[in-house]
Amino acid sequence: MKILVFFTFFLVLVAFSIHQEAFSYNLDDPEEREKAAKEAADELKRNIPAKESEVKEFKEKEEEEVKKKLGKLKKFLPTEKEFDEVTLRTVWRYVDKESEINDDYKFEKIQALIRDVGRVYDPIVNKYKVSTIQIEIINYKDSEKLNEFWITEKKSNLDEMFANSYLIGSLNENTKCFFNYSNEGGMTICKTDEFVVQSVIFDKYQEHYMYSKPQTGIKKLELNQDEMTTRIVENIIKKIQKNKEIENYDSLYKVLESNIEIKEREYNKTIEEKEHKKISEKEVKILEEKKINKLLGIEKDKKYGIQNFACIKDEFGLITISGQYNNNQIKKDKVIMEVQFFDYEGNIIFKNTAKLLNIDEFETKRFLGNLKINENFSTCSMKINN
C-alpha cells in the first residue's frame, strides 16, 4: 500500500515538472515572445483608434445637431473670445441659447443668456446676485408684423422706446440705435431694415457700470468703452453688415454720446410742453368748473352778499364807508343796504340806507361813502334790508 501511494505521488511530480519546463520554454523563446508582443500591440492598435474615432464622430455629430437647432443666426453671436476682448476683468460665458422661427409674425430669432462666471453667487459672503446679459437677434420680413409682435408679446412699443430713450444715434443710413438705462442696468437696441439686435444687462449692484447716475446735470451718465450692451450690439451689427458697403464709422457708444445734447434739448422741450399742457389743461378745467357752477347757481370760493366792509373815522371826524356786494345766481333790480352807527357803549346813534341797482348774476359791485358824525362814534355795521 505504501509503495502504491509513493508511486502515485512520484507520477504527479514528474508531470508537473514536464509542464513547467514546457511553459518556461515557450516564454523564453525569442521568436514566440516577439510574436506574442506583436499580437498584443496589434490588438491595442486595432481597439484604441476605433474608440477615439467613435468619440470624435459622436462629438461632431452632436455639434452639427446644435448648429442646426440654433439656425443661421448663431454665427452673429459674439464668441467667448470676443467677450474677453471687450472686458478686462469680468469673465462672461454663455449659459443658454435658443432659436425660434415664428411663422405668425414672419421672423426668425435667436436668444442667448450670458453670465458673469468670474464671481459665483454666495448668499453669505458676496450676497449679491450674479450679473447676466440677455442678447436677442431678430431677422424680420415685415415691419408691421414686427411692431405687432412687440406690442402683443413684449407688451411695449418699439417706436415709443426709441422716442423715450436716453440716447439715440445712427451707425449708418440703415441702422438706428438707442440706449436707455435704470438703476437695474442698461439696454441697447439697433434696428436695420432686416434685423433688430437687442442687448440687456441686469447689473443691480453696479458691478460693471454705474447705471445709477442721473440723465441731466453735471453728474449725468456718460457712455464709454466699458458699457457692455453697446459693445455687444456693435459687434453683432458689424457681423450682420460685414458684406455690405458701409462707410467707416465710430464706435456705437461714441455715436450715441455725440447726440446727447440733441437728446437733452428734446428732453427739455418735452418737459416744457408737458408743463404747458398741464397748465392749459388746468385752466380749461377751472373755466369748465366755473361754467358748470354758474349753471348750478354756485361760484366756487366766492362769498355772496356784503364783503370787505370797512368803517373808518379820520382825525377830522369824517367817516369813510367802503366795501363790495357779490351777487349770487339771481339777477336783482335793486339791493337796499342799511348802515348802523354805534357809540362806545354799543348804542345805535345813527342809521342810513344805500341802494345798488340792476345787478346781474354773479356780478360784484363796489360802494364808497362818507359821513360826518359826532365824536361819540365808535363803529358801524351794514346789512341787506330788502
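Read the figures in this text as sums done on the coordinates, not as results from a lab. Just so it is clear, the model here is predicted, and its values are computed rather than measured. Note: ideal-geometry Cβ built from the backbone for every residue, glycine included; neighbour counts use all protein chains shown.
For region 305-384, a simple Cβ point-charge model (Lys and Arg +1, Asp and Glu -1, everything else neutral) yields a dipole of about 300 debye relative to the Cα centre. Listed by Cβ neighbour count within 10 Å, with the fewest neighbours leading, L221, L318 appear as L318, L221. Eigenvalues of the alpha-carbon gyration tensor of region 72-258, scaled by 5 and square-rooted, set the equivalent ellipsoid semi-axes at 26, 20, 17 angstrom, largest first.
If R0 is 41 Å, the Cβ-Cβ spacing of T79 and E275 corresponds to a FRET efficiency of close to 0.25.
So which of K351/K372; K97/K176; K72/K145; K74/K254 end up more than 24 Å apart, counting from Cα to Cα?
Details: K351/K372 13 Å; K97/K176 26 Å; K72/K145 21 Å; K74/K254 27 Å.
Correct reply: K97/K176; K74/K254.
What FRET efficiency comes out for K242 versus V95 if R0 is 22 angstrom and r is the Cβ-Cβ distance? Round to the nearest 0.05. Given R0 = 22 Å and the Cβ-Cβ separation, E is 0.25.
Rounded to the nearest 20, the size of the Cβ-charge dipole of region 72-258 about its Cα centre is 500 debye, with Lys and Arg at +1 and Asp and Glu at -1.
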